[in-house]
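I have a structure I would like to understand better, so I am pasting it below and will then ask my questions one at a time.
The values are calculated or read from the model by the stated rules, or taken from the named source; none is laboratory data. For clarity, every value in this text was computed on a predicted model and none was experimentally measured. So basically every Cβ, Gly included, is an ideal-geometry build from the backbone, and we count neighbours across all protein chains shown. Please note that ligands, DNA and RNA were not included when accessible areas were found on the heavy atoms of the full protein model with its side chains. Shrake-Rupley method; radii C 1.70, N 1.55, O 1.52, S 1.80 Å.
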Amino acid sequence: MKNRRHYPGVLALAAVAVVASAGIGTTWSYFTTYTEAAGGYTIHLGDRTEITESFTEWTKHLTIANEPDSQPVYIRAKAFCGSDYKITHSGEGWTLNEADGYYYYNSAVPGGGKTSELSLKIENIPEDPEDMERFNVVVIYESTPVRYHEDGSAFTVEETDWDEIVDTGSTESTGGTEGGGEA
């Protein structure tokens with residue numbers, strides 16, 4: 001009698017197993033199927049600028065270029081060196097803002113364009129440069145997109161919001177010898 005009572009439970013369990021295994025093929029194929037895609041689309045995640053520097057006769061010469069696919073940007077640069085040295089600048093289109101120490105390029109730089117050269121002369125160099133300690137001159141620069149008023153006219157560089165920075169670059173060079181060493 002005991003054996004008869006187990007048959008209905010075993011039969012019910014077998015029936016559940018048969019029903020469950022009927023869908024295993026589609027379930028298994030769902031978890032093992034994959035696909036691949038070819039091709040792609042290039043996206044641009046912002047504008048890029050690039051600085052070019054050279055050093056001659058204790059003067060850093062730099063220009064900043066805006067990549068061809070970039071929107072117009074305003075650019076500013078700042079130079080740092082040891083407290084014993086002073087930096088004076090020259091360059092057409094560049095203005096020093098005494099309040100923040102940045103050199104501002106007065107015009108927007110279009111995509112594919114570049115700034116005129118900014119020359120940063122290092123002053124107070126000892127007569128015998130061999131006597132001086134090594135020092136670094138660090139130049140940082142920033143660019144921000146040109147924004148427009150409702151009437152379509154561009155904001156001026158003075159009106160520009162420098163909190164919205166597109167690209168920040170930094171280069172660092174080491175001081176060297178008079179007349180062509182690296183700085």
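Take the residues of region 84-101 that are touching a residue at least 24 places away in the same chain (Cβ under 8 Å) and β-branched (Val, Ile, Thr): which is least open to solvent (accessible area, probe 1.4 Å)? Walk me through how you get there before you give the answer.
Keep residues of region 84-101 that are touching a residue at least 24 places away in the same chain (Cβ under 8 Å), which gives 84-92, 94.
Next cut, β-branched (Val, Ile, Thr) only: 87-88.
Working: Ile87: 33, Thr88: 49 Å².
If we take residues in region 84-101 being touching a residue at least 24 places away in the same chain (Cβ under 8 Å) and β-branched (Val, Ile, Thr), then Ile87 is least open to solvent (accessible area, probe 1.4 Å).
Looking at (1) hydroxyl-bearing (Ser, Thr, Tyr); (2) modelled with pLDDT of 85 or more; (3) within 22 Å of Thr59 (Cα to Cα); (4) within 21 Å of the chain's Cα centre (by Cα), which is the one condition that is false for Thr171?
Failed condition: (2).
Here's another thing I want to ask about it. So the check is Cβ under 6 Å with 6+ separation or different chains; which pairs have a first residue in region 124-143 that's modelled with pLDDT of 75 or more and a second one that's assigned to a loop (DSSP other than H, G, I, E, B)?
Every condition considered, the pairs that remain are Asn124/Tyr85; Ile125/Trp58; Val137/Cys81; Val137/Ala183; Glu142/Ile165; Ser143/Val166.
Let me ask you something else. For region 102-155, which positions are open to solvent by 20 Å² or more (accessible area, probe 1.4 Å), among the aromatic types (Phe, Trp, Tyr) and in contact with a Lys or Arg (Cβ under 9 Å, 6 or more places away or on another chain)?
Tyr102, Tyr104, Tyr105, Phe155 - these are the residues of region 102-155 that are open to solvent by 20 Å² or more (accessible area, probe 1.4 Å), among the aromatic types (Phe, Trp, Tyr) and in contact with a Lys or Arg (Cβ under 9 Å, 6 or more places away or on another chain).
Let me ask you something else. Could you list, in sequence order, the residues of region 72-83 that are surrounded by fewer than 15 Cβ atoms within 10 Å (Cβ to Cβ) and touching a strand residue (DSSP E or B) at 6+ places or on another chain (Cβ under 7 Å)?
The answer is Phe80, and nothing else.
Table: residues versus (1) more than 20 Å from Arg48 (Cα to Cα); (2) in contact with a strand residue (DSSP E or B) (Cβ under 8 Å, 6 or more places away or on another chain); (3) hydroxyl-bearing (Ser, Thr, Tyr).
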site	(1), (2), (3)
Ala65	no, yes, no
Gly91	yes, yes, no
Glu98	yes, no, no
Leu118	no, yes, no
Pro126	yes, no, no
Arg147	no, yes, no
